[in-house]
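Pasting a structure here, questions to come.
The values are calculated or read from the model by the stated rules, or taken from the named source; none is laboratory data. Since we're looking at a predicted model, the values are computed, not measured. Don't worry about glycine lacking a Cβ; one is built from the backbone with ideal geometry, like all the others, and counts go over all protein chains shown. Note: accessible area is taken over every heavy atom of the protein model, side chains too, but ligands, DNA and RNA are not part of it. Shrake-Rupley method; radii C 1.70, N 1.55, O 1.52, S 1.80 Å.
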Amino acid sequence: MKFQSFINPKELPDDTPIYKYMSTDIFLSFLLTQNLIFQCIPKWKDHLEGTLFDFAKQVKTKWSDFNKCDYFGSCWSLQDYPSGLLGSETERIEANKELAEHGSAAMWESYCWNGGVRIKTTIGKIKIRLTEVQSWHGAVQYKPLSSLLTGMVIRPEFLFFYKGVGYIHENEYRFVVKPKRKTTALFPINFSDVSELLDEILVYPTTKNDDWKSRALWDLILRENIPGKIDGLSNNKNGKQFCRMSNLYDKKSHELR
């Protein structure tokens, strides 16, 4: 059996916004350590991740030296509905505004089912921290698994940028690194000041039953003054509200303060 030809991952401009959903404990660990964690790919939540890579090794014997345990990744979302998914381009634009404003219900429930946040940054702010390690980054392409098993593969690393259509709602932008030395299941990238990395924090949407969780996170972020005192406002960065609470499930208003 052969594989289709895998082209280079589709890279996007450095100023492209990307988003990451974090559970409360992962987010608090991120604030405490100021480390963005790249996890060993076999340890990812998706048990199918890397299986295409393993299958390709069985076909391509010259890939025997490649081991998916040597690769670490960080997954983000473009939060952008593709063209053709909705009835018209106008509807797609409005849908993307709503997605940016409130977040994805599927993503909240997959990654923050017990509370958490969605952080926003840009591709360039991550990429600039990867200059001293072998890395690849690009938008994940979603295809039926049957269509992936035709043609031939150019490079094994490219296989980490293809997934089955069952995950298309994630609209993922992925960073993959290969450290020079063997390491554990986690590979940290340190940011001396996380406020430089973060452009926005969106807190998990509240419901009547767990409103206190979201309020506690929202208050913590402002109390710790994570964005820094910019323009004299504790919840303002580049002229925009830095920390917001999603209104996906329950309409609430949190103004600048």
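If you stretched the chain out fully between TYR167 and TRP113, how much longer would it get, using 0.36 nm times the residue separation minus the C-alpha to C-alpha distance?
Between TYR167 and TRP113, full extension yields an extra 17.7 nm.
For the full complex of protein chains and a 1.4 angstrom probe, list TRP212, TRP44 by accessible area with the highest value first.
From most exposed to least exposed: TRP212, TRP44.
Hey, another quick one. Over 28 Å between Cα atoms, which of LYS43/LYS180; LYS97/LYS178; LYS20/LYS97; LYS20/LYS180; LYS10/LYS43; LYS68/LYS127 qualify?
LYS97/LYS178
Additional query: Give me the number: length gained by fully extending ARG223 to ILE128, i.e. 0.36 nm times residue separation minus the C-alpha to C-alpha distance, one decimal in nm.
In short, 31.3 nm is gained.
Taking θ as phi - 60°, what are the ³J(HN,Hα) couplings along segment 20-29 by the Karplus curve (6.51, -1.76, 1.60), each to the nearest whole Hz, with x for Gly and Pro?
Per residue, the Karplus-derived 3J(HN,Hα) values read 9, 8, 10, 5, 4, 5, 5, 5, 5, 5 Hz.
With the crude spin-label approximation of a point 7 Å out along Cα→Cβ, what separation in nm comes out for GLU94 versus ASN8?
Output for this residue pair reads 3.9 nm.
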